[in-house]
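A short worksheet on the structure shown next.
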Amino acid sequence: MASPPRRVSSPLYSLLPSSLAPIPLFHALPIYPLLLSSVFSPSLSRSLSSSMAPELQQDGETLPQNNNTYTSDHDALHKTKVTVVGSGNWGSVAAKLIASNTLRLSSFHDEVRMWVFEETLPSGEKLTDAINRNNENVKYLPGIKLGKNVVADPDLDNAVNGANMLVFVTPHQFMEGICKRLVGKIEGDVEAISLIKGMEVKMEGPCMISTLISEQLGINCCVLMGANIANEIALEKFSEATVGYRENRAIAEKWVHLFSTPYFIVTPVQDVEGVELCGTLKNVVAIAAGFVDGLEMGNNTKAAIMRIGLREMKAFSKMLFSSVKDSTFFESCGVADLITTCLGGRNRKVAEAFARGGGKRSFDELEAEMLQGQKLQGVSTAKEVYEVLSHRGWLEFFPLFATVHEICIGSLPPSAIVEHSERKPEL
């Protein structure tokens, strides 16, 4: 008979919730990143002790990671179903994260549906068929397996049918049309979360995407933003994210459970507008950073642009919503997301090419050439922000935001990014 695994003494046991300690070392290693982060995130510690511990050890016996085998038929009827609305680069990564957890968490159905805007590949095969046959998004996330329990579906109504949790992750300019298609199709107790960076500008003023979803579909909507370059998360490189919620902390914790992995740490923050605006406005700053790179102005200039951009992000957010918290800008959705987007995001990349060409080629042309079907958010968001600033008489307070838009439409040359952004208005 094989001897039981030897318990190993480790200083890290002092970090463990009582329900987790002690665990044999080879069982504990995969969750140490989460345990360490729980020191700084009490919510994550509770998440671990309530959801992961029972699946690791119970009454001295190691249990399988998937407890679905032991679930009664009654429980199966009440399992939560998840649908991801969107299947681009980030949408595919979100489906991968979620699918790894629905297999592990007994309260969720294994299957994760992912709505795909149908396309025909150069081979003649439908994108949906290619995803389901290869278990990867061969166009937007090639080479990455999504999980056998991810099912691509080109029918939006069918994809959301019966889902209790909806994850929206599409370009923001398509969301109003998607919501209109879903009106009357969402039934029962449904929760939503938006991973979308952007906002709608209407006659009555700016409307955040989470608000658009809530108002049109009549459901609560949280948001998830952070320093999240999708390709890096797909390769399971360590990163963080922030879930913004309004009042229901329990729902926020459920989203944390659904997205969290040892390499993707999620923290809840009670500030939907602050979290969402951080994710939205940083793309405008990233366009400015791209201009700096394209003109080879150097790291000092880029750092200055990022600092000015963060200042304007904070001022704009608090002028729109007085409830926005200062502390939100120090979460992953804030300064961390700003840094990573200005260093490596698609908005920075295309803006760099725009500036190198002296602004002679349009962003639409560069987007089509460089992004293979993916969409820029920064240019359209800069236009929307400019409309808000102009309508409210705030242009003089936000020289960087205003200048980015004017460069994008050709009213100013790329070099104006430092000539105009260096003004220091009193906010």
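Values in this text are rule-based calculations from the coordinates and carry no lab data. Everything numeric in this text was worked out from a predicted model, so none of it was measured. Glycine also receives a Cβ, built like all others from the backbone with ideal geometry; neighbour counts cover every protein chain displayed.
Please report Rg over Rh for the range 253-385, where both radii come from the alpha carbon positions and Rh follows the Kirkwood definition.
Result for the range 253-385 is an Rg/Rh of 1.01.
Note the full-extension length gain between His391 and Glu369 as 0.36 nm times their separation in residues minus their Cα-Cα distance, in nm to one decimal.
Between His391 and Glu369, full extension yields an extra 4.5 nm.
Check each of the trypsin sites (Lys or Arg not before Pro) in the range 327-411 and keep only those in coil by DSSP with at most 12 other C-beta atoms within 10 angstrom; list them in order. Walk me through the numbers on the way to the answer.
On the way: sites: Arg346, Arg348, Lys349, Arg356, Lys360, Arg361, Lys375, Lys383, Arg392; in loops: Lys360, Arg361, Lys375.
Answer by residue number: Lys360.
Suppose the chain between Thr120 and Glu236 were pulled fully straight at 0.36 nm per residue; how much longer would it get relative to their current alpha carbon spacing?
Between Thr120 and Glu236, full extension yields 38.9 nm more.
On the principal axes of its Cα set, how long, how wide and how thick is the range 217-315? Give whole Å, largest value first.
Cα extents, longest axis first: 47, 33, 22 Å.
Just grab the label-to-label distance for Gln216 and Arg361, each label 7 Å out from Cα along the Cβ direction, in nm (one decimal).
3.3 nm
Give the residue list of trypsin sites (Lys or Arg not before Pro) in the range 182-277 that are DSSP loop and have at most 15 other beta-carbon atoms within 10 angstrom.
Lys185, Lys237
Beyond 17 Å, what percent of the Cα pairs of the range 254-308 remain?
57 percent
Per residue and in cubic angstrom, what volume does the convex hull of the Cα atoms of the range 134-256 have? Before the final figure, lay out each step's value.
Details: hull volume 16.5 nm³, N = 123.
With only Cα atoms used, the range 134-256 gives 134 Å³ per residue.
Over all alpha-carbon pairs of the range 313-421, lay out the pair-distance distribution in 5 Å bins, whole %, shortest bin first.
2, 11, 18, 22, 21, 15, 8, 2, 0
What does the charge count around Cys342 come to, taking other residues whose C-beta lies under 10 Å from its C-beta (Lys +1, Arg +1, Asp -1, Glu -1)? Mind dumping the intermediate values first?
Values: positive: Lys282, Lys302, Arg348; negative: Asp293, Asp337.
Neighbour charge sum, excluding Cys342 itself: +1.
Which pairs break 23 Å Cα to Cα here: Lys139/Lys185; Lys79/Lys126; Lys202/Lys282; Lys145/Lys237?
On the way: Lys139/Lys185 29 Å; Lys79/Lys126 31 Å; Lys202/Lys282 21 Å; Lys145/Lys237 15 Å.
Those over the limit are Lys139/Lys185; Lys79/Lys126.
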